[in-house]
Amino acid sequence: MGVFAVTAVVFTMLHPFCDLWLQGRDDSIAKEKHGQTLVPRGPDARALTVSQLGRRAAARHALTYTAGQVAAAAIVLRSLGFRVPVAALLAGAIVNGGTHALIDRRRILEQLAAKTGHTTFLTEGTVLRKLDDDPAASGPGTALYELDAAGHLAIGAAAAVLTARLAVRDTTGGTPRRRGLRRRLRRAASKPW
């Protein structure tokens, strides 16, 4: 199993843990909020807009998420004997964490859903949380939540590719290792299906 496979497994398998268990309650509520209404924050802090608070909550959440992913990937890679350069691991984690914050702000995700013909899926994939409430369009069980999770997993795979590519480049002097690749491909192609 190579660096890509291990990193992809860690990023994928630990995504729900890092996304849900490491996220603060207030950040989970505020991260997707938008608006220009000012929110007072106490006598010593200036008021911020709802959008500013949402961006800060998304950034805090992305930091805890990324820290969890980096720590887990570093531990697993090291325990399996892989020596991955810190820069390679951080590059993948920054891609993963940065896009995580963008997806969790929801607007980009909603625009992408609209461009790919998933608007109806979003409007119909809601959940009734309490009997007297209106259906929720975001959060566990909703279409937006499912698209969110799918996007995070796809980006996690891309982040793992970046990490592996940089790790291989750093350990092989700029070119990926291809020892016996042609031989293995010919042997695989000659085997019966």
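The values are calculated or read from the model by the stated rules, or taken from the named source; none is laboratory data. This structure is a prediction, so every number in the text was calculated from the model and none was measured. Using ideal geometry, Cβ is built from the backbone for each residue, glycine included, and neighbour counts are taken over all protein chains shown. Heavy atoms of the whole protein, side chains included, go into the accessibility calculation; ligands, DNA and RNA do not. Shrake-Rupley method; radii C 1.70, N 1.55, O 1.52, S 1.80 Å.
Can you find a residue that is of a type in the set (Ser, Thr, Tyr) and either under 22 Å from residue 155 (Cβ atoms) or in contact with a strand residue (DSSP E or B) (Cβ under 7 Å, 6 or more places away or on another chain) (or both) anywhere in segment 51-60?
no
Taking segment 146-174 only, how many residues are open to solvent by 50 Å² or more (accessible area, probe 1.4 Å) and under 15 Å from residue 106 (Cα atoms)?
The total comes to 2.
All but one of (1) open to solvent by 90 Å² or more (accessible area, probe 1.4 Å); (2) assigned to a helix (DSSP H, G or I); (3) of a type outside the set (D, E, K, R) hold for residue 70; which doesn't?
It is condition (1) that residue 70 fails.
Of all residues in segment 102-118, which are touching a helix residue (DSSP H, G or I) at 6+ places or on another chain (Cβ under 6 Å) and open to solvent by 20 Å² or more (accessible area, probe 1.4 Å)?
Listed by number, the residues that qualify are 102, 105, 108.
Just to be sure, is residue 44 part of a helix (DSSP H, G or I) and among the charged types (D, E, K, R)?
Considered against the rule, which asks whether it is part of a helix (DSSP H, G or I) and among the charged types (D, E, K, R), residue 44 comes out as no.
Looking at residue 139, is it open to solvent by less than 30 Å² (accessible area, probe 1.4 Å) and closer than 19 Å to residue 13 by Cβ?
Judged against the criteria, residue 139 is not a match.
Would you call residue 158 part of a helix (DSSP H, G or I) and in contact (Cβ under 8 Å) with a residue 24 or more places away in the chain?
yes
Show the residue pairs meeting these rules: Cβ distance below 7 Å; 6+ apart or different chains; first residue within segment 13-29 and under 13 Å from residue 63 (Cα atoms); second residue of a type in the set (A, V, I, L, M, F, W, C) and open to solvent by less than 60 Å² (accessible area, probe 1.4 Å).
Within 7 Å, the pairs are 27/57.
Could you check, for segment 78-92, whether at least one of its residues is more than 15 Å from residue 160 (Cα to Cα), under 13 Å from the mean Cα position of the chain (by Cα) and either charged (D, E, K, R) or surrounded by 11 or more Cβ atoms within 10 Å (Cβ to Cβ) (or both)?
No, segment 78-92 has no match at all.
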